[in-house]
Each structure stands twice: as C-alpha cells, then as structure tokens.
C-alpha cells in the first residue's frame, strides 16, 4: 500500500511510482486493481531464505524510491486508515478490464495478499497438490490473518481482507478435480466462451498457473514484515512437499465444511475452532496448526528448517492480534506509522511491534 508520509493516508500514486522506478526494481513491480497499491514479485528461488532475502531487498529499494516523492509503504491485509476521497482503480492494461467487468466491486476497499508459488512440473501432480492443500487453507489463513481493521474500524474479523475480496466472483476454495484433464474441461468452458480472458481470472485461494508451471497459494493476508512472510512461505513449501511426497489424505473434506472452516478462520483467527469432519466436533485451530507444523517438520530441511520455525511466532500472535494490541495501547495513527516502519525490516528481525520509533 502506498501511503502519504505527511498524513498516513493512502496515496493514489501507483502509476507515478511505477514510471519512476529504476529498471531493475521495475521488473519486480506491477500495478494492482487499486491505484494506491502495487505488487512486488520475487524471482524463482530454490529455498525460502533466498526468497525472503529478495523480498526484503525489494521492499527496501521501494522505500528508497518512495522517499523522494514523500511516500512510504505498508503491507497489512487491509490498511487501517481509509482514504480521504473515493477509492480509485487502475485504468491501464489488465486492470481496466477488471474494473469494467467487476464494476462497483472493483471500487471496494483495497486488499493485499501474500501469494506463494510452488513449482510443480507435472500437471496431474499440480492438480493433486491443489486438491491436497484445500483442507489446510483455513490454517494458513488463520496464521496469516493481518487485517482486523476496515474503513478505520475494527471489523470483528481477524482477516477482513478475506470477506471483502470474496465479493469478487471465482473466489474461495476450488472444488476437487479428478485430473488435469478434468480441470481443463471445466476451465475451458469459461475461457473458450469468452467469459474469462485466461486462467488468471480465477481468483481461488489456491489455483493452477499453467503458464508458470506452478500451484499458487493465495489464501493468506499480506504480512507486515518479511520475517513473517518467510515463515509462511516455508510452511507452504514444506506442506506442498508433504502432500506430493507423503501419504495422501484418507478422507475428502466436503465443500460445506471447507467453506465454514474458511469463514471461522477469517473471523476468529487463532481463536477459531474448526470443524473436524470425522468426529463432527469443533477443534481449537492452534491444536490443528501444531499438528500440521509437526507433520511438515520432516520436510523443512528441503526448504529451510530455520524459516519454518518462524511460524511459531505467528502461532503465539498473528498480525491481527498484534495490530489490535497496538491500537489498544497507542491508537490507530500510531499503528499506521508502525506498519510503515516494519515494512522494510530485515527478514532476520523477529521483533514484535516496537514501543518506540526504532
């Protein structure tokens, strides 16, 4: 999120910022639906440490460029202070089509997400991974929840981003597919008919990216710091290895349970109790997350075991918990200032919100 340093309000300046970026940084930055938001994308990495280091470097480089025009940046799931005027949408390229097709939905409050790609060369393995991740998405959502405030008020949700973004079509948890051919048959009906330009207009919480050869996990809120992003990236990569290399799930979870668990995770975050479809009871989500991390630990060495352990910080208090605690202590304006200070911290900086200006 691009923010005016003078008053901490969102700045509708993405086109100006992107024009000014040096070529190396511009290659990793792109517009988003809203003109107060830009997307940063790392290159391809073989381990989490490399991805986290590049993410932190991109953030730091962006902050340097923004300072020249009186702007700063922050990366929560939603920004706690609403804009002074109307929300503006980006009018160029892909996002002109998004605005035209989504109409008033495109003018909703801006939301920011962390997207993690897993390279999967075989298309049927990619579908198997997409299917296998569906049950874990509520846990990833609860860990990453970082958007308790919407339009300047406490939304009552740990991830208000999730409920705001689901106003778009083709969001939420995808159905299970029998094979890549089954997936293609379903998606081709929408694309060949002209209803969708391409598969990137499927905004599910996990989707295939055939052009990249990846499975993209999109369920998570954007993270205030690169350190928290690193832990979630590591968990996703270890979880993907477990799905593809370990024992397949013994039971298919029905779409009704998946949808309800997604809602509960978005609403209650780490205090959520999710439905166990086998025993038909509610289970504390921290218990489920602990079991998931334990199962993923044996796959951590392949992606970065140290980075996987960063998730434990989020199990204690996710971004939504920390934002609320900070507002109770210091107020909303102080939270906005803290979010911008945390944006470009090193991924090795594991400190919580500082009590001073450090």
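Among the residues of segment 275-287 satisfying the criterion of being touching a residue at least 24 places away in the same chain (Cβ under 8 Å) and either exposed (fewer than 13 other Cβ atoms within 10 Å of the Cβ) or touching a strand residue (DSSP E or B) at 6+ places or on another chain (Cβ under 6 Å) (or both), which is farthest from residue 206 (Cα to Cα)? Applying the filter and picking the extreme gives 278. Of the residues screened, residue 205 is not one that is over 26 Å from residue 289 (Cβ atoms), at pLDDT 95 or above, surrounded by 12 or more Cβ atoms within 10 Å (Cβ to Cβ) and touching a helix residue (DSSP H, G or I) at 6+ places or on another chain (Cβ under 8 Å).
Checked against (1) more than 30 Å from residue 74 (Cβ to Cβ); (2) assigned to a helix (DSSP H, G or I); (3) touching a helix residue (DSSP H, G or I) at 6+ places or on another chain (Cβ under 6 Å), residue 233 meets all criteria but (1). Residues in segment 248-272 that are farther than 16 Å from residue 318 by Cβ and touching a strand residue (DSSP E or B) at 6+ places or on another chain (Cβ under 7 Å): 257, 260, 261. Summed over segment 152-180, the residues that are surrounded by fewer than 12 Cβ atoms within 10 Å (Cβ to Cβ) and farther than 22 Å from residue 34 by Cα give a count of 2.
In the set (1) part of a helix (DSSP H, G or I); (2) without any contact (Cβ under 8 Å) to a residue 24 or more places away in the chain; (3) surrounded by 16 or more Cβ atoms within 10 Å (Cβ to Cβ), residue 191 fails one condition alone, (3). Being buried (at least 18 other Cβ atoms within 10 Å of the Cβ) and closer than 13 Å to residue 139 by Cα is a property that residue 269 has.
Evaluating residue 247 against the criteria (1) within 17 Å of residue 119 (Cα to Cα); (2) without any contact (Cβ under 8 Å) to a residue 60 or more places away in the chain; (3) surrounded by fewer than 16 Cβ atoms within 10 Å (Cβ to Cβ) leaves one unmet condition, (1). All of (1) surrounded by fewer than 18 Cβ atoms within 10 Å (Cβ to Cβ); (2) over 26 Å from residue 108 (Cβ atoms); (3) within 19 Å of the chain's Cα centre (by Cα) hold for residue 23 with one exception: (3).
The values are calculated or read from the model by the stated rules, or taken from the named source; none is laboratory data. As the structure is a computational prediction, the values presented were derived from the model and not from experiment. With ideal geometry, Cβ positions are generated from the backbone for all residues, glycine too; neighbour counts draw on all protein chains shown.
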